[in-house]
Amino acid sequence: MVALIQEILPGVRILFETQEAILLSSSSASGLMEGAIRNCVERRCLHLVSGAFGERWRQVAADCGREPESLQVAAGEPFTSEAVDEALAKEDYEAVCLTHNETATGVTHPLAAIAQVVRKHENVLLMVDAVSSLGGIPVAMDSNGIDVCFASVQKAIALPPGFSLCAVSKRALSKARGMKGRGYYFDFARLAEASEKGQPLATPSVSHLMALRVQLRIMLQEGLQNRYARHAAMAERVRSWAREHFGVLAKSGFESNTVTCVTNPRGIQVAEFIQRLKQRGYRISNGYGSLKDATFRIGHMGEHSLEGITELLRAMDEVLEA
């Protein structure tokens with residue numbers, strides 16, 4: 001186990017682009033989402049809510065007994081650094097919580113610009129949900145000054161669900177060590193100490209760790225920049241198709257390279273469309289939350305290829321023509 005973890009950690013650091021502590025958790029990323037609150041927020045945090053998953057993090061904070069406040073934008077809109085700066089200037093917060101790539105709306109928020117603003121407020125931690133961006137869209141933890149960044153492995157890392165990764169800055173760990181009631185299983189200090197020794201904190205998902213070792217080799221052999229370029233090419237192909245036939249929810253310039261949320265101005269029956277595609281061997285998703293019937297979503301991440309995306313879109317054309 002020690003040898004396995006020690007082999008994995010350097011590759012995970014490359015994904016996050018960090019030299020900070022890496023936490024390995026046999027859980028979904030929702031566990032680390034709660035862990036970030038319990039370890040790093042004593043009372044007040046600002047949540048940037050642009051969709052269902054940003055709202056989930058706010059709800060997690062409320063359920064943990066904190067006092068979360070929301071800065072919200074309409075579905076499809078990105079946050080601006082100016083709006084975040086203004087919110088931080090008005091009130092005192094311990095942390096800003098950002099969903100980097102909002103899967104529900106297909107929007108990638110301007111992480112670097114927001115991070116630059118947060119760094120102006122010295123006592124405010126920046127915590128980032130990179131669930132659907134890590135491995136497909138650059139996160140650059142250290143250069144962006146991120147304090148907590150977590151992701152699960154079933155999106156752009158392309159493994160089965162049930163395991164997640166986290167990178168934590170020194171100042172976030174320092175705050176965690178002084179936090180009362182942070183629990184055991186998602187105690188960042190304990191997780192970091194275990195990881196440093198090449199050990200799990202509790203019974204690990206051995207199969208995930210072995211699969212992660214293999215997948216990191218595949219990803220790093222491809223090269224992160226090549227991987228990002230492949231994701232961008234797949235996304236552009238999907239967006240081109242979507243604009244020709246329907247529309248794209250995300251504001252131009254902020255569209256996700258891992259998932260496209262397609263609007264439905266034609267008023268097709270989304271459930272029937274998805275079912276007919278499924279009969280042909282393809283799977284896309286309806287909208288999430290309040291967007292369920294108004295949109296549908298196409299994932300283009302992980303080990304998907306431009307050729308595979310082209311085949312999917314051809315099948316979608318055939319279903320629409322029928």
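Would the range 121-275 count as rounded, prolate or oblate if I go by the C-alpha gyration tensor, calling it rounded below 1.5 in a/c and otherwise prolate when a/b exceeds b/c, oblate otherwise? Prolate, since a/c reaches 1.5 and a/b exceeds b/c. Here the simple spin-label model places points 7 Å from the Cα toward Cβ, and for E311 and S290 these points are separated by 3.9 nm. Report the normalised scattering of the range 184-286 as log10 I(q)/I(0) at q = 0.19, 0.22, 0.24 Å⁻¹, calculated by the Debye formula with identical scatterers on the alpha carbons. Ignoring solvent entirely, the Cα scatterers give -0.99, -1.12, -1.22. For V148, V117, V270, the sequence from fewest to most other C-beta atoms within 10 Å is V270, V117, V148.
Across the chain, the longest piece that holds none of the trypsin sites (Lys or Arg not before Pro) lying in DSSP loops with up to 15 other C-beta atoms within 10 Å covers 44-119. If you average the C-alpha positions of the range 231-283 and of the range 44-93 separately, how far apart do those two centres end up, in angstrom? Answer, in whole Å: 27.
Placing unit charges on each Cβ (+1 for Lys and Arg, -1 for Asp and Glu) gives the range 2-221 a dipole about its Cα centre, and among L111, S26, G54 the Cα reaching farthest toward its positive end belongs to S26.
Note on Q116 and L220: their simple-model spin labels are 3.1 nm apart, each label 7 Å out from Cα toward Cβ.
If R0 is 56 Å, the Cβ-Cβ spacing of A74 and Q6 corresponds to a FRET efficiency of close to 0.75. Which parts of the range 288-308 would a label at R266 reach, counting a residue when its backbone N lies under 20 Å from a point 7 Å out along Cα-to-Cβ? Counting backbone N atoms under 20 Å from the label point, the list is 288, 292-300. With helices as the sole contributors, the chain gives -14000 deg cm²/dmol at 222 nm; each DSSP H run of n ≥ 4 counts as -39500 (n - 2.57), and the sum is divided by every residue. For the range 110-197, the list of GluC sites (Glu not before Pro) that fall in a loop by DSSP and count at most 16 other C-beta atoms within 10 angstrom reads E122.
Span-like helix check, the chain: qualifying full DSSP H segments, with Cα axial length of 18 Å or more and mean Kyte-Doolittle of 0.0 or more, are 2-16, 206-222, 306-321. Based on Cα contacts under 8 Å between residues 6+ apart, the range 168-309 shows a relative contact order of 18 percent. Sort the chain into rounded, prolate or oblate with this rule: let a ≥ b ≥ c be the square roots of the eigenvalues of the Cα gyration tensor; rounded if a/c is under 1.5, and if a/c is not under 1.5, prolate when a/b is larger than b/c, oblate otherwise. It is oblate, given that a/c is not under 1.5 and a/b is not larger than b/c. Of all DSSP-defined beta bridges confined to the chain, some 55% are antiparallel rather than parallel.
Of all beta bridges that DSSP places with both ends in the range 94-216, some 45 percent have antiparallel geometry. Under the combined filter of DSSP loop state and at most 16 neighbouring Cβ atoms within 10 Å, the range 244-322 retains these GluC sites (Glu not before Pro): E303. Please go through the residue pairs K120/K180; K90/K120; K170/K197; K120/K197 and name each one whose alpha carbons sit more than 23 Å apart in this structure. Check vs 23 Å cut-off fails for K120/K180; K120/K197. In terms of its C-alpha gyration tensor, the range 269-322 comes out oblate, because a/c is 1.5 or above while a/b does not outweigh b/c. Extending 7 Å from the Cα toward the beta-carbon at both A89 and E321 defines two label points whose distance is 5.6 nm.
Bear in mind these aren't lab numbers, they're just calculated from the coordinates by the rules spelled out. On a predicted model such as this, the values are computed, not experimentally measured, just so you know. All Cβ positions, glycine included, derive from the backbone under ideal geometry; neighbour counts span all protein chains shown.
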